[in-house]
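Trainee: Below you'll find the structure I mean.
The values are calculated or read from the model by the stated rules, or taken from the named source; none is laboratory data. Everything numeric here is computed off the predicted structure, so don't read it as measured data. Cβ: placed from backbone, ideal geometry, glycine included. Neighbour counts: every protein chain shown. Just the protein is used for accessible areas: all its heavy atoms, side chains included, with ligands, DNA and RNA removed. Shrake-Rupley method; radii C 1.70, N 1.55, O 1.52, S 1.80 Å.
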Amino acid sequence: MSEKDRILELRITINDHNYRYYILDDPIISDREYDILLRELEQLEKANPDLITADSPTQRIGTVPLSEFGQIRHTIPMQSLENAMNSEELIAFDKRIKKLLNTDDDIAYIAEPKLDGIGVELVYNDGYFSHGSTRGDGVTGEDITQNLKTINAIPLKLRETDKPMPKLLEIRGEVFISKKDFKTLNESQEKQDSKLFANPRNAASGSLRQLDSNITAGRPLSIFCYEPGAIQGVTFETHLDFLNSIKQWGIPVNQLSETVTGEGGIISYHEQLENRRNDLDYEIDGTVFKVNSYSLRESLGIRSRSPRWAIAGKFKAQQVTTIIENIEVQVGRTGAITPVARLKPVQVGGVTVTNSTLHNQDEIDRKDIRVGDTVLVERAGDVIPKIVKVISEKRPNDAARFTIPDNCPVCGHTIFRDEDEAVARCQNLSCPAQIKGRIEHFVSRNALDIEGLGEKLVDQLVEKKLLTTVDQIFQLKYDDIVNLERMADKSARNLLEAIGNAKRTTFARFVYGLGIRNVGEHLAKILEKQFSADVQKFMDSNTEDLESIFEIGPIVARGIAQFWDDADNRKVVKGCFANGVSFAPLATTNAKLIDKTFVFTGTLESLTRPKAKELVENLGGRASGSVSSKTDYLVAGPGAGSKLKKAKELGTKILTEQEFLTMIDELNQ
Ligand code: IVH
């Protein structure tokens, strides 16, 4: 393509992006990408000055104002800032200033954060807020006076100070929404099923440009001011003087502004602020360095789009666009199935990003993420990159919807996804992606409690393929383990002995160790009672049988049924018995408290709460924390208060600690 054609192409592209950014409030490229396009156009035009036209985006300052608002012509045009993309360009700026001023002395600058919001102008007449506008095309902006008046941080009347009240005071600043308020705002948008804002800047822009200022009034807008426009009735020698004065008049000024000198001062301020960027509660996208002395500013002058006396130091982009090349599913150690987007590698916030988790199917559906999509990727505060949104305009025609497959990508077994749960899971006890985690859980203290079979050893046994299923634990031989790392004759013998001892266990420990979805220790004990410690009966139960058990709802029942639907799971369990696992008889066959709920309150004198709970559970009952119509007994010690009152109101049976102990004793007879 010839340089001329590229210039024409760039102009169309940039104008399109301007329209999307300023008018539609829906940019489809990051600021950084926009800057790069504009730079390229500037450079091509510089090399081909005869091709510059008055309507080129390089010749304009901003963009046309929205037509619905009245227009306000700025007394002094609101210019833009020249950008420095890196340290070298910041240093070059300082060198240029010194050259233009013909001095070797260090220059004093005011360093400020570059706030990522919406530039506005506020106009005060004799100390009273008169009107305000957006930047618009830099010459004319939208009249947003009514909306600005809803922002509490903007004083409607300036405070009196030692300085005379200026007859005219025009102040430029940035309206923004803090990160915290942005989060709350989007949460409430989500609740109301309204469109979510992509970032705080978009939210601020959308809020400020409401035609109904009642809507603006409900939005958490803030402002920091940083530059004068036209001023009458007072003069300022330096920018520091200006900032301090407006602060005293009650105008918000960013507290991170400070005086720095020379290139050293510039670079260190820039680096420090970039490091702190994510700790601030508002978005900034760079630094701004401005010559402090207003008389020096005068000598330096301005160019068509930006002043010579200031520069913006851009930070590394934290939001960039890239393409989703593929979506894969990963299986975690607990069987959780997580879809992951494989991205075309891209630099975000200084690191290369190639993957981003998509969390679950709901998240994919909500954001409508498809393979081939161009997406906006963010790597802010947290280090983990996330996909902010899909740029739907860039979606290729053949981009297909993605659905998590029905089968586990690692073992091929059916994936279980309950309607009420976001996360899909593979429940195969022997899934290679989970086997280490499954074994660790199976041998853990509250399950089979095999001492000596720790994480490192499990890793080695799985990697050497000595363990591919949990029942193989009971087939391990001395020769298999003695030569493993950190093992020797004695430790190998001890481990085999621990495995041998663990074969004699209980139904509850064994079932808990299987890691069935939602079956924790408590439920395992209930199942033990219900199925009289008969695993075959448990395996053969259907969802109806399970749901008839007090404490088991449809979700838990479906999880259990799905676990037993898997023939391999049944095989592994049978394998355990074939290898010698057996259950001790139930501690008590007395299940007289089945379905009975106890609540303990006040001080128990001879029992701890966990002990009291255990006594109830051993008899098939359950202990709960709060009194309801389902409570059968309240055991009340001294100091009982609201729970006792409620139990009395409900007519619940109330026991003293002694009465409770007697009851347990009798039931255990
Ligand atoms: S001074 C002539 N100071 O950046 C200089 N601008 O790219 C006028 N901005 O339109 C601007 N923080 O909306 C200045 N501390 C700061 C700023 C700042 C953010 C915005 C502002 C301006 C744009 C220029």
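Trainee: So, of the residues in segment 54-102 that are away from the ligand (no atom under 14 Å from the Cβ), under 35 Å from the mean Cα position of the chain (by Cα) and open to solvent by 50 Å² or more (accessible area, probe 1.4 Å), which turns out to be modelled with the lowest pLDDT?
Mentor: Across segment 54-102, the extreme among qualifying residues is Asn86.
Trainee: Cβ-Cβ distance below 6 Å, separation of 6 or more or different chains: which pairs start in segment 108-126 with a residue that is under 19 Å from Gly233 (Cα atoms) and end on one that is within 9 Å of the ligand (Cβ to nearest atom) and assigned to a strand (DSSP E or B)?
Mentor: Within 6 Å, the pairs are Glu121/Arg172.
Trainee: Then there's this: Being of a type outside the set (A, V, I, L, M), within 16 Å of the ligand (Cβ to nearest atom), in a strand (DSSP E or B) and more than 29 Å from Arg39 (Cβ to Cβ), is that true of even one residue in segment 114-130?
Mentor: No, there is no match, as no residue in segment 114-130 is of a type outside the set (A, V, I, L, M), within 16 Å of the ligand (Cβ to nearest atom), in a strand (DSSP E or B) and more than 29 Å from Arg39 (Cβ to Cβ).
Trainee: Can you name every one of the strands (runs of 3 or more DSSP E) wholly within segment 309-353 that holds 3 or more residues which are farther than 21 Å from Glu271 by Cβ and open to solvent by 10 Å² or more (accessible area, probe 1.4 Å)?
Mentor: 319-331, 336-348
Trainee: Being of a type in the set (Val, Ile, Thr), over 18 Å from Pro228 (Cα atoms), open to solvent by less than 10 Å² (accessible area, probe 1.4 Å) and outside any strand (DSSP E or B) is the requirement here; does Ile364 meet it?
Mentor: For Ile364, the condition - of a type in the set (Val, Ile, Thr), over 18 Å from Pro228 (Cα atoms), open to solvent by less than 10 Å² (accessible area, probe 1.4 Å) and outside any strand (DSSP E or B) - is met.
Trainee: Whether any residue in segment 438-450 is assigned to a loop (DSSP other than H, G, I, E, B), touching a helix residue (DSSP H, G or I) at 6+ places or on another chain (Cβ under 7 Å), open to solvent by 60 Å² or more (accessible area, probe 1.4 Å) and of a type outside the set (A, V, I, L, M, F, W, C) is what I want to check.
Mentor: So far as segment 438-450 goes, yes, one or more of its residues are assigned to a loop (DSSP other than H, G, I, E, B), touching a helix residue (DSSP H, G or I) at 6+ places or on another chain (Cβ under 7 Å), open to solvent by 60 Å² or more (accessible area, probe 1.4 Å) and of a type outside the set (A, V, I, L, M, F, W, C).
Trainee: Inside segment 629-669, can you point out the residues that are within 47 Å of the chain's Cα centre (by Cα), outside any helix (DSSP H, G or I) and of a type outside the set (S, T, N, Q)?
Mentor: Lys630, Asp632, Tyr633, Leu634, Val635, Ala636, Gly637, Pro638, Gly639, Ala640, Gly641 - these are the residues of segment 629-669 that are within 47 Å of the chain's Cα centre (by Cα), outside any helix (DSSP H, G or I) and of a type outside the set (S, T, N, Q).
Trainee: Could you say whether any residue in segment 371-389 is farther than 23 Å from Asp31 by Cβ and open to solvent by 30 Å² or more (accessible area, probe 1.4 Å)?
Mentor: yes
Trainee: Open to solvent by less than 20 Å² (accessible area, probe 1.4 Å), in contact (Cβ under 8 Å) with a residue 24 or more places away in the chain and more than 15 Å from the ligand (Cβ to nearest atom): does that describe Ser207?
Mentor: Answer is yes for this residue.
Trainee: Pick from Phe600, Phe577: which is open to solvent by 10 Å² or more (accessible area, probe 1.4 Å), in contact with a Gly (Cβ under 9 Å, 6 or more places away or on another chain) and either outside any loop (DSSP other than H, G, I, E, B) or on the phi > 0 side of the Ramachandran plot (or both)?
Mentor: Phe600
Trainee: OK, next. Inspect all residues belonging to segment 281-291 and state whether any of them is open to solvent by less than 40 Å² (accessible area, probe 1.4 Å) and away from the ligand (no atom under 13 Å from the Cβ).
Mentor: Scanning segment 281-291, I find no residue that is open to solvent by less than 40 Å² (accessible area, probe 1.4 Å) and away from the ligand (no atom under 13 Å from the Cβ), so the answer is no.
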